């Protein structure tokens, strides 16, 4: 999504070129020899391209994107295809805990300020408080952690974890954010807690006319389908700043993605391809 | 302690030479160029030494070691010197949690198996259960963590943390270990939990005669002192397999060690040096 973000002016190309570090890039080793930024790697790859060949609203009328669902909702409901209506709004924060590193063998328990224990207490409270809100379809994830010094003979003096929350409704997200921020109002196991915003995005709604073409195409083809939100970000989300845009989801086996067992059978992919073709023909006939 | 472990036959030199990897070694960069094991780095350093120059019970009568306390006990009691009587027994385990990685935005909460959340729930339970045992002077530490894939948009499918527990009494350690192992008898947030032993050690008692010389030396010099256990491992602990051994502790400011604020004032170090000198003279006069 880095490229669609740049093309659609959500990211500044200069920032991307300078900022991305070598160790963050999933490119083949040979391209990375002797380069230290994304900009340098892009030049070296020979795929930099010309700015005047870019996606432009002057030359394109709309965009359809087909993608695997990356979740289990279609599989559970027995639908082959998801008629996507929006990309969920989200926020991403880091919760940081500051303690004191001391020796594992020599420092009495009552005087310790253990940042990993602090973070675990706060994470359990986070789940309790958010779950108590009872917001349907809310998802929240604490997937990335940093522990320092991360040595078995030392009490950690620093721990942080990411908090990613997604929902269609800005009011629902506001309630969740209030819980996240409330964790900073007290100490956890003697450790100060701090919340730092990484980024957020508002819910991006797809073009209603294009969504109706996807729905009609699925109906006419007799493909079982349902409306669905996208919880993941997609290129179409950036393209929506520029062009009328929509998406089609294909079932993911067990809802798994970005891991080895990710799988969608050919029959479902064919259904997705048939629906996108017929939806595109409808959009073409309409103009 | 790697060297004292080898010299005193607790570790096999061949294992150490082959096993230690470059990234684990805190040696200067230039020594590490072109080497991949500790054995290779040792050869290159020019400090390998001769086996027949090693510490040997045939040529030494006993060993005294002075060290900073690395804890706040002496500072809190107002004593300059600790007369150390033993190195605490300990065990070290890893607790591993196995979940399923899924996408942060697309996978409904009730179906998730989040290994970081599982580990946090278990860590909170670990503290509750161990603290309920009410074992005086017990220390336990969960200082090292591994999280996979450790990405803010993915639910972690794997998390583990170290559990280090130390106490003089083997019965007390056995009670704590029972709590640690009991965590594996259930699932945590849908994740399987596994305990893997890393190592343990029994309490090593110092030579009673040498301990009494340290105590007498401190009394005769008018240095405020108290008996204390060592929670940390020390070279003297390995040397004790070979020779009568004991230790003297000097106050650590705020009990901090292995971090920048580690500090012991000159007056306390001088007291430590005076006590060791006089204790050594007593041992020498005795034989």
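Every number here is computed from the coordinates shown, using simple stated rules; none is lab data. Computed from a predicted model, the values in this text were never measured in an experiment. FYI the Cβ positions are ideal-geometry reconstructions off the backbone, even for glycines, and counts take in every protein chain you see.
Could you line up A:185, A:65 from fewest to most neighbouring Cβ atoms inside 10 Å?
A:185, A:65
Within 10 Å of each Cβ in peptide B:150-163, how many partner chain Cβ atoms are there on average? Round it to a whole number, please. Don't skip to the end; give the middle numbers.
Details: counts 6, 5, 13, 10, 7, 5, 6, 1, 0, 1, 0, 6, 5, 1.
Partner Cβ neighbours, averaged per residue: 5.
Using only atoms on other chains, find how many Cβ atoms lie within 10 Å of each Cβ of peptide B:225-234 and report the average. Write out the running numbers ahead of the final one.
Working: counts 0, 0, 0, 1, 2, 2, 6, 6, 2, 0.
If you average over the peptide's residues, the count of other-chain Cβ atoms is 2.
So in chain A, what percent of DSSP beta bridges are antiparallel if you round to the nearest 5?
75 percent
Residue by residue through B:109-122, how many Cβ atoms from other chains fall within 10 Å of the Cβ on average?
Partner Cβ neighbours, averaged per residue: 4.
Which order do B:229, B:258, A:167 fall in if you start with the one that has the fewest other Cβ atoms within 10 Å?
B:258, B:229, A:167
Give the calculated FRET efficiency between residue A:262 and residue B:199 to the nearest 0.05, with a Förster radius of 41 Å applied to their Cβ-Cβ distance.
Taking R0 as 41 Å, the efficiency between residue A:262 and residue B:199 is 0.60.
Treating the point 7 Å from Cα along Cα-beta-carbon as the label, what are the nm separations from residue B:136 to the other copies, to one decimal?
5.9
Counting each DSSP H run of 4 or more residues in the protein assembly as shown as -39500 (n - 2.57), what helix-only mean residue ellipticity at 222 nm follows after dividing by all residues, to the nearest 500 deg cm²/dmol?
Working: 20 runs with 204 residues, N = 574.
Calculated at 222 nm, the ellipticity per residue is -10500 deg cm²/dmol.
I need the inter-copy label distances for residue B:185: point set 7 Å along Cα to C-beta, values in nm with one decimal, smallest first.
Ordered by increasing distance: 3.9 nm.
Using the 7 Å Cα-to-Cβ label point, sort the distances from residue B:253 to its equivalents in the other copies shortest first and give them in nm to one decimal.
Spelled out, the distances from residue B:253's label point are 6.3 nm.
At what distance in nm do the modelled label points of residue B:151 and residue B:3 sit from each other, each positioned 7 Å from its Cα along Cα→Cβ?
Distance between the two pseudo-spin positions: 4.5 nm.
Return the chain B residue and its Cβ-to-axis distance, rounded to the nearest Å, for the rotation relating B to A.
For the rotation taking chain B to chain A, the closest Cβ gives B:120, 2.
Could you give the distance between the Cα centres of region B:165-209 and region A:202-269, to the whole Å?
50 Å
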